[in-house]
1. Which of the numbered conditions does Arg334 fail, given that it passes all the others? Conditions: (1) under 26 Å from Val220 (Cβ atoms); (2) in contact with a helix residue (DSSP H, G or I) (Cβ under 9 Å, 6 or more places away or on another chain).
2. Looking at this structure, is Lys17 under 15 Å from Trp66 (Cα atoms), in a loop (DSSP other than H, G, I, E, B) and outside the structural domain of Ala357 (by TED's automatic domain parsing)?
3. Could you give every pair whose Cβ atoms fall below 7 Å, whose first residue belongs to region 108-126 and is closer than 19 Å to Lys154 by Cβ and in contact (Cβ under 8 Å) with a residue 12 or more places away in the chain, and whose second residue is assigned to a loop (DSSP other than H, G, I, E, B) and of a type outside the set (A, V, I, L, M), counting only separations of at least 6 or pairs across chains?
4. Got at least one residue in region 261-274 being outside any helix (DSSP H, G or I), closer than 24 Å to Gly110 by Cα and in contact with a strand residue (DSSP E or B) (Cβ under 9 Å, 6 or more places away or on another chain)?
5. Filter the strands (runs of 3 or more DSSP E) completely within region 48-153 down to those with at least 2 residues that are under 24 Å from Trp241 (Cα atoms) and outside the structural domain of Leu182 (by TED's automatic domain parsing).
6. Considering Leu297, Leu304, Leu273, which residue is at pLDDT 95 or above and either assigned by TED's automatic domain parsing to the domain that holds Glu355 or of a type in the set (Gly, Ala, Ser) (or both)?
7. What are the residues in region 205-216 that are in contact with a strand residue (DSSP E or B) (Cβ under 6 Å, 6 or more places away or on another chain) and either among the acidic types (Asp, Glu) or more than 17 Å from Lys143 (Cα to Cα) (or both), if any?
Amino acid sequence: MSRKQIGILTLYLNERKVIEEIKIYQEMSRIAAKMGVELIVFTPEDVNRGHSQVYAYIYDTAAKVWRRKWIPIPTYIFDRCRFQKTYRMQLLNEFKAKHPEIKFFNRPLGNKWSVHKKIQEHPLLVDYLPDTIQYQGISSIFKMLKKYPLIYVKPINGTGGRGIIRIEKKGSDYVAISGRDLNRKIIHEQTVKLSQLANYLVKWKLHQIKYIVQQGIMLVLPNGRVHDYRVLVQKNSHGEWEISGAAGRVGALYSVTANLHGGGSALPMDELLYHFINNKSTIAEIKSELSSMCVQLCTYLEDLAGSLYELAVDIAIDKDGKIWIIEINPKPAREVFKQIGDKQTYVKAIRRPLEYAIYKLGIKM
């Protein structure tokens, strides 16, 4: 069986050329080899000056080591580049501009605000969105605090809970503020007067970074930690959207988010739902609605954005069983399934993009 090459385009995390998901790509390479596909991992920094070849990482499945090799740039590529505030984003844009012939299996989805606006236009999906506005000065925060007892202020770019601020009303004159700074460091809760809020928020540099202000959903568990749910939706081997798996996430102590990269932990979805809602009939209804909504959401976003093959939908479910779309992640990790001990879903989550690529390329197994 001749091997077809498929690229994985990513970004180095630092000047030591660390690749964030190298262990995932190693597992993908092993699975791909059995399917007659060779994975080529590279970054824009690995492309030669003539932009015709790339010094790629190729996993030797027999020797179980990564090897480097100059090869032509693959025509079919999974884009796994996550947003960075570094020069690497410029290199990425330049690479894509110079190679319009490349066929990406997924396209950029946009930032939090642009994605929110897209979903807002859908007559059914809009009901799952928390009220959200663009930050345009401190008046935006006061406006939302008049409507809701809890709000979140989030950077429109970035992941892992960086730069998120949680503001909760405490009576008529005070608010409790907590969050994470741009390096994910937890900012412990502090109560301040409303009249002092603008001065207190100076440290977050809201005037330098674009933010949104969002209606908060009460998601605190009895142990004081926040929680949410990660639903992974992927294209299957027939090119159809399907839920690969879902899991609950519980935030670290004092964290305002449940992100695993921010110190959170994972639980099976049913277990966490039962802790919070404690009604099996209601939980069954929630899961059925959630499944239908997530597939509809991904289908809709692909119609707008173009080629997509996987999305993670971060979900909040309140005490009344109402489902809320918190965030869409077009470059999702799979570690949440490993943490809950669901090896079958973990492997499926790695294998499915390869199955979809083989389907698109017409490779016979």
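The values are calculated or read from the model by the stated rules, or taken from the named source; none is laboratory data. Keep in mind that this is a model prediction, so the values were computed, not measured. All Cβ positions, glycine included, derive from the backbone under ideal geometry; neighbour counts span all protein chains shown.
1. (1)
2. yes
3. These pairs meet every condition: Leu109/Pro330; Asn111/Asn157.
4. Filtering region 261-274 down to residues outside any helix (DSSP H, G or I) leaves 261-268.
Those still in the list that are closer than 24 Å to Gly110 by Cα too: 261-262.
Still in the list and also in contact with a strand residue (DSSP E or B) (Cβ under 9 Å, 6 or more places away or on another chain): 262.
Checking region 261-274: at least one residue is outside any helix (DSSP H, G or I), closer than 24 Å to Gly110 by Cα and in contact with a strand residue (DSSP E or B) (Cβ under 9 Å, 6 or more places away or on another chain).
5. Those strands (runs of 3 or more DSSP E) span 76-79.
6. It is Leu297.
7. Restricting attention to region 205-216, the residues satisfying the condition of being in contact with a strand residue (DSSP E or B) (Cβ under 6 Å, 6 or more places away or on another chain) are 209, 211-214, 216.
Hit for region 205-216 is Ile209, nothing else.
Yes/no per residue for (1) over 15 Å from Val256 (Cβ atoms); (2) among the polar types (S, T, N, Q); (3) in contact with a His (Cβ under 8 Å, 6 or more places away or on another chain); (4) modelled with pLDDT under 95:
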position	(1), (2), (3), (4)
Leu125	yes, no, no, no
Tyr128	yes, no, no, no
Ile138	yes, no, no, yes
Phe142	yes, no, no, no
Lys147	yes, no, no, no
Asn157	yes, yes, no, yes
Ile186	no, no, no, yes
Glu189	no, no, no, yes
Ser195	yes, yes, no, yes
